[in-house]
Amino acid sequence: MTVTAFTPATEERFALARQVADAVLFEGYVLYPYRASAAKNRLRWQFGVLVPPAWGAECEEHEFQHTECLMEPKAGATLSVELRFLHARRRTVQRLNPDGGFETVPELRLEDRVLVPWDEGAEEHVEVVAAVDDLLGDGVTAPFTRPAREETEPVLDAGGRTVGRLVRRYEQVDGVVRLSACELDGPHRTLRLTAVVENTGTWTPPDGRTADRDAALPHCLVAAHLLMGLSAGSFLSMTDPPEWAKAAVASCRNLHTWPVLAGEPGRADLVLSSPIILDDHPAIAPESPGALYDATEIDEILALRTAALTDEEKREARGTDERAAAVIDLADSMPPEVLERLHGAVRGLREVTGAGPANPVGAAGPGFPDEFGVQRQDTPWWDPASDAGFDPARDRVVVEGRSLGAGSRVLLRPGLRRTDAQDLFLQGRSAKVEAVLHDVDGAVHLAVTVEGDPGADIRREQGRYLYFQPDEVTPLEDPV
């Protein structure tokens, strides 16, 4: 049985995940200084653009996304899937003539804003709910269409008189969501879920001419991504799977998207498959006062820069897009205490004053070893005198029963804490340990150089190493 509407319970479970999904949907939607005339706002939308098949061969963007992940559904479970994307609608500006007609103009200047032509993003949602058992075999196919249409909105001056109108045109968008699953061999009932989103539109460049990206965008699925939830059961992390599932995870194919666990930390019944690489359980920073849409800056800098725009620049930004107008209003009305919160936040603080915790049973004393065999220092915070007990060139750390130190060889396994996409290129690379380092919080770090790196000697001379924690490496046998 397949239906296409979420229950209230499903809506409630998806609410938290949608906060992050909205950030994916509008990542880079309009960039500072939030004006249509800015050069950086003339090439729109960089993530998750699914193009019509006839045009896909002419560009470097794709007509589909392919997601594979593992799940352990319980008996009778259903899978709820929500495809979310932006439908680019082309807005033109028209001025009211004395004879009562309208003419298209490059801009319409009002007291509080300057209206200009612009491509707006209209949110679209496709919901599919299917019993997990129905996904086995041929699976479930859910085609969808968003028809072409036109809307008009009157433009009023400060006195309430009509001075023009906005005309918004939508082109038809067609697509399909394909869901299927297959059961894997093993001691657990584990299924590989496959979810494919495809643009099936028949649009071709007019008169057989080669069209540019601007002409194709209204026929595309923009910033496309999936939210998927199980009514009973759980998904496995694709970023940090359990040991028994690592081979099955490695065999999954994910093209133009990547699935991560979403929703509340500690739960595993939701997945966000995003064209932007994220960590499991991504969340919006609580200090953020609102969406700023710019993909290249941090909130504090954007708020300060936006507040410093001239009145004329703010008028144009307000006329560019309603979301840009909201950013301008946010920056102008932000209280000092809210701006202060954006200056920085410290996460994961631990208490460093007062008496320390009692030693665990069997501990030899205040310097008992941690799980890596490293002696803990009985110093609550950095003490210059405590440095005398460390020697990066001679210190050792125990990993998987092996003692590692300078000169040891390891296999790099960037873990769950990593958020830099560059770290993925180091997965499975061998490296040489250059030093064992201790920070003021008592954590241990391995300074390494990657084997085969032609710049390794320069890095070594300059002390510019890569740093990994002990649980992010696997010992290798040193060459004989």
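Looking at segment 132-169, which of the residues that are under 28 Å from the mean Cα position of the chain (by Cα) and in a strand (DSSP E or B) is nearest to L193 (Cα to Cα)?
Among them, the one singled out is V140.
Identify, by number, the condition in (1) free of Cβ contacts under 8 Å to residues at least 60 places away in the same chain; (2) buried (at least 19 other Cβ atoms within 10 Å of the Cβ); (3) in a loop (DSSP other than H, G, I, E, B) that G201 doesn't meet.
Single failed check for G201: (1).
Please return the ranges of helices (runs of 4 or more DSSP H) entirely within segment 271-344 where 1 or more residues are exposed (fewer than 13 other Cβ atoms within 10 Å of the Cβ).
By residue number, 311-320, 322-333, 336-341.
Here's a check for you: in segment 88-115, which residue that is touching a helix residue (DSSP H, G or I) at 6+ places or on another chain (Cβ under 8 Å) and within 30 Å of I276 (Cα to Cα) is least open to solvent (accessible area, probe 1.4 Å)?
In this case the residue turns out to be A88.
Examine segment 41-49 for a residue that is among the small types (G, A, S) and either crowded, with 22+ Cβ neighbours inside 10 Å or within 21 Å of the chain's Cα centre (by Cα) (or both), and state whether such a residue exists.
Checking segment 41-49: at least one residue is among the small types (G, A, S) and either crowded, with 22+ Cβ neighbours inside 10 Å or within 21 Å of the chain's Cα centre (by Cα) (or both).
Consider D280 carefully, then state whether it is under 23 Å from W45 (Cβ atoms) and at pLDDT below 95.
no
Which one of these does L446 not meet: (1) surrounded by 14 or more Cβ atoms within 10 Å (Cβ to Cβ); (2) farther than 26 Å from D279 by Cβ?
The single condition L446 does not satisfy is (2).
Going through segment 124-166 one residue at a time, which ones are open to solvent by 50 Å² or more (accessible area, probe 1.4 Å) and closer than 25 Å to C182 by Cβ?
Result: D133, D134, L136, G137, D138, T141, P143.
Can you find even one residue in segment 466-476 that is in contact with a Lys or Arg (Cβ under 6 Å, 6 or more places away or on another chain) and surrounded by fewer than 12 Cβ atoms within 10 Å (Cβ to Cβ)?
Checking segment 466-476: not a single residue is in contact with a Lys or Arg (Cβ under 6 Å, 6 or more places away or on another chain) and surrounded by fewer than 12 Cβ atoms within 10 Å (Cβ to Cβ).
Would you please list the contacts, defined by Cβ atoms under 8 Å and residues six or more apart or on different chains, that run from a residue in segment 20-43 that is closer than 21 Å to A285 by Cβ and free of Cβ contacts under 8 Å to residues at least 60 places away in the same chain to a residue that is assigned to a loop (DSSP other than H, G, I, E, B) and open to solvent by less than 20 Å² (accessible area, probe 1.4 Å)?
Correct list of pairs: empty, since none qualify.
Residue by residue through segment 415-443, note down the ones that are open to solvent by 20 Å² or more (accessible area, probe 1.4 Å) and modelled with pLDDT of 80 or more.
Within segment 415-443, F425, L426, Q427, G428, R429, S430, K432, E434, L437, H438, D439, A443 qualify.
Check whether at least one residue in segment 175-194 is part of a strand (DSSP E or B), open to solvent by 10 Å² or more (accessible area, probe 1.4 Å), modelled with pLDDT of 90 or more and closer than 26 Å to T152 by Cα, and report yes or no.
No: segment 175-194 contains no residue that is part of a strand (DSSP E or B), open to solvent by 10 Å² or more (accessible area, probe 1.4 Å), modelled with pLDDT of 90 or more and closer than 26 Å to T152 by Cα.
The values are calculated or read from the model by the stated rules, or taken from the named source; none is laboratory data. Just so it is clear, the model here is predicted, and its values are computed rather than measured. Quick reminder, even Gly has a Cβ in these numbers, built from the backbone with ideal geometry, and neighbours come from all protein chains shown. What goes into the accessible areas is simple: the full protein's heavy atoms, side chains included, and nothing from ligands, DNA or RNA. Shrake-Rupley method; radii C 1.70, N 1.55, O 1.52, S 1.80 Å.
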